[in-house]
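Just below is one structure, and these are the notes that go with it.
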Amino acid sequence: MSAADPFYLVKEEIDESVKKVEGNFETWEKQGTGASERASLKRDLLAGIESVEWQVNELDKAIAVAERDPSRFGIDAAEIGRRRKWSTATHDTIDTIRKALHDGRTSNASSTRRELMRMEDDRPGPKANRSLMEGNDDFLSLESERQALILKDQDEDLDEISASVVRIGDVGLTIHEELSGQEKIVSDLDKDMDGTANRMELAQKRLAHVLKKAGLKGQLCLIAALVILLMILTLLVFFT
């Protein structure tokens, strides 16, 4: 994980661009009004100023976002103030150079340079930047450790969930086996019932055939025999 704050990475690039613009501005001041390179250098300076201004404006947007919720980005009000101060000083620097370029005069060159030197003092130097970045590194390190602990807790929770899923799977397998056994029993019972129904149907057909073959007299004799058999069975039940 990178310990560098993206704000300061961009800020360092902008500071280098500002120094380059200031150096070109000094060169422009030293050239005579009739120098052929003066107009070309002025165009380059204005283009450089526009580039720096655009980059600072983008950082201003990032500062505004961080200012709404500093704790989310691990910074405090003092850090927001330092970033605002740097942004204001940088805007003042490029505005001063732009004004001098538009005026097109070098008579106030010494006062312009003094103003630029004062603005340079207002912008945090490399030592201050390193101090701020070290503090930011500490925060990022603590945040990294906190995220590692969160991931560890999540891994433990996932392990518990995985074990629960395995147990549920085992219970489901047992239920499936039990249902399969019950299904086999029901299937066998259905087969037995079908066989019994077929045998009863066959017996009924045979009985109907016998009754039809015996005629009315035979049917009466059969009924009488069945009644006598029923009476005998009843007597056996009561007297035994």
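The values are calculated or read from the model by the stated rules, or taken from the named source; none is laboratory data. These numbers come from a predicted model, not from an experiment. Please note: Cβ atoms are built from the backbone with ideal geometry, for glycine as well, and neighbour counts cover all protein chains shown.
Conditions (1) in contact (Cβ under 8 Å) with a residue 60 or more places away in the chain; (2) over 30 Å from S144 (Cα atoms); (3) crowded, with 17+ Cβ neighbours inside 10 Å, marked per residue:
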{"position": "D15", "(1), (2), (3)": "yes, no, yes"}
{"position": "A47", "(1), (2), (3)": "no, yes, no"}
{"position": "S51", "(1), (2), (3)": "no, yes, no"}
{"position": "R84", "(1), (2), (3)": "no, no, no"}
{"position": "T88", "(1), (2), (3)": "no, yes, no"}
{"position": "H91", "(1), (2), (3)": "no, yes, no"}
{"position": "I97", "(1), (2), (3)": "yes, yes, yes"}
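Filtering E79, E53 for residues that are at pLDDT 85 or above and either under 15 Å from V21 (Cα atoms) or assigned to a loop (DSSP other than H, G, I, E, B) (or both) leaves a single hit, E53.
The set of residues in segment 59-77 that are without any contact (Cβ under 8 Å) to a residue 12 or more places away in the chain and either in contact with a strand residue (DSSP E or B) (Cβ under 8 Å, 6 or more places away or on another chain) or acidic (D, E) (or both) comprises D69, D76. The conditions of being hydroxyl-bearing (S, T, Y) and either modelled with pLDDT of 80 or more or on the phi > 0 side of the Ramachandran plot (or both) are not met by S144.
Looking only at segment 112-124, decide whether some residue is at pLDDT below 80 and outside any helix (DSSP H, G or I). Taking every residue of segment 112-124 in turn, at least one turns out to be at pLDDT below 80 and outside any helix (DSSP H, G or I). Somewhere in segment 6-16, is a residue part of a loop (DSSP other than H, G, I, E, B) and at pLDDT below 90? No.
Here's the yes/no breakdown for (1) in contact with a Pro (Cβ under 6 Å, 6 or more places away or on another chain); (2) surrounded by 10 or more Cβ atoms within 10 Å (Cβ to Cβ); (3) of a type in the set (D, E, K, R); (4) in a helix (DSSP H, G or I):
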{"position": "Q154", "(1), (2), (3), (4)": "no, yes, no, yes"}
{"position": "D159", "(1), (2), (3), (4)": "no, yes, yes, yes"}
{"position": "D190", "(1), (2), (3), (4)": "no, yes, yes, yes"}
{"position": "L202", "(1), (2), (3), (4)": "no, yes, no, yes"}
{"position": "H209", "(1), (2), (3), (4)": "no, yes, no, yes"}
{"position": "I223", "(1), (2), (3), (4)": "no, yes, no, yes"}
{"position": "F238", "(1), (2), (3), (4)": "no, no, no, yes"}
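A Cβ distance below 7 Å, combined with a sequence gap of six or more or placement on separate chains, defines the contacts here; from segment 28-45, residues that are surrounded by 15 or more Cβ atoms within 10 Å (Cβ to Cβ) and at pLDDT 80 or above reach residues that are part of a helix (DSSP H, G or I) and among the small types (G, A, S) in the pairs E29/A109. Of all the residues in segment 182-210, those that are hydroxyl-bearing (S, T, Y) and more than 30 Å from L222 (Cα to Cα) number 1.
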